[in-house]
Amino acid sequence: MTDGAAAYIGLGSNEADPPRQLDAALDAIAGLMGTQLRRVSPRYVSAPFGPVPQPDFLNGVAAVHTLMSPADLLQALHAIEAAQGRRRSIRWGPRTLDLDLLLHGDARVDSPTLTLPHPGIIQRNFVLYPLRDIAPELEIPGLGRVADLAAQVGGEGIRRHA
């Protein structure tokens, strides 16, 4: 693929066998038309984000090269979530699968359905740590270098999955 863009996708699950959920999501992402899975981070266990009591999450990040637009890629990710049983009923609640489009090339988008870079990316170690593992020198548009941002956010509530 010579055209297109590098994109980074955050993966998370804390229900219905999280390792299996992430594996199935990666298979589905690799099968998206015009998209090539390039790298996958190690997985991390993280404390849940938000006020709802729930199990810890299993998180990771995938790097892809895609011919899809940011909006089309987001729509495809939502379809993968739905196919794996994701229900959007409780904000920051437990999930079979959560796929977040973190970055899409140098795109900066602020629409009702999509914000790029993903909002909150610089506060979330469960995103920055796995992203640092596969792209430490990556510059997040308008925010800085991944390795620097990961060092600033700290490691509270997160550990590498065995």
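Bear in mind that the values in this text are calculations on the coordinates, not laboratory data. The structure presented is a predicted model; accordingly, all values stated were derived computationally and were not measured. Glycine also receives a Cβ, built like all others from the backbone with ideal geometry; neighbour counts cover every protein chain displayed.
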Out of all the residues in region 124-144, which are assigned to a helix (DSSP H, G or I) and touching a residue at least 40 places away in the same chain (Cβ under 8 Å)? 125, 126, 127, 129, 130, 131, 133, 134
For region 31-46, name all the residues that are surrounded by fewer than 14 Cβ atoms within 10 Å (Cβ to Cβ) and closer than 21 Å to residue 161 by Cβ. 39, 42
I'm told residue 83 meets every condition in (1) surrounded by fewer than 17 Cβ atoms within 10 Å (Cβ to Cβ); (2) under 22 Å from residue 19 (Cβ atoms); (3) of a type outside the set (S, T, N, Q); (4) without any contact (Cβ under 8 Å) to a residue 24 or more places away in the chain except one. Can you identify the failing condition by its number? (4)
Considering each of 133, 98 in turn, give the residue that is in contact with a strand residue (DSSP E or B) (Cβ under 6 Å, 6 or more places away or on another chain), farther than 13 Å from residue 29 by Cβ, charged (D, E, K, R) and surrounded by 15 or more Cβ atoms within 10 Å (Cβ to Cβ). 98
Which residue pairs have Cβ atoms closer than 7 Å, lie 6 or more positions apart in sequence or on different chains, and pair a first residue in region 47-70 that is hydroxyl-bearing (Ser, Thr, Tyr) with a second residue that is surrounded by fewer than 19 Cβ atoms within 10 Å (Cβ to Cβ)? 66/4; 66/5; 66/34
Of everything in region 145-162 that's surrounded by 13 or more Cβ atoms within 10 Å (Cβ to Cβ) and in a strand (DSSP E or B), which residue is farthest from the chain's Cα centre (by Cα)? 145
Hey, can you tell me all the residues within region 101-111 that are exposed (fewer than 12 other Cβ atoms within 10 Å of the Cβ) and either more than 21 Å from residue 70 (Cα to Cα) or among the acidic types (Asp, Glu) (or both)? 110
Any chance you could count how many residues in region 112-123 are in contact (Cβ under 8 Å) with a residue 12 or more places away in the chain and surrounded by fewer than 21 Cβ atoms within 10 Å (Cβ to Cβ)? 6
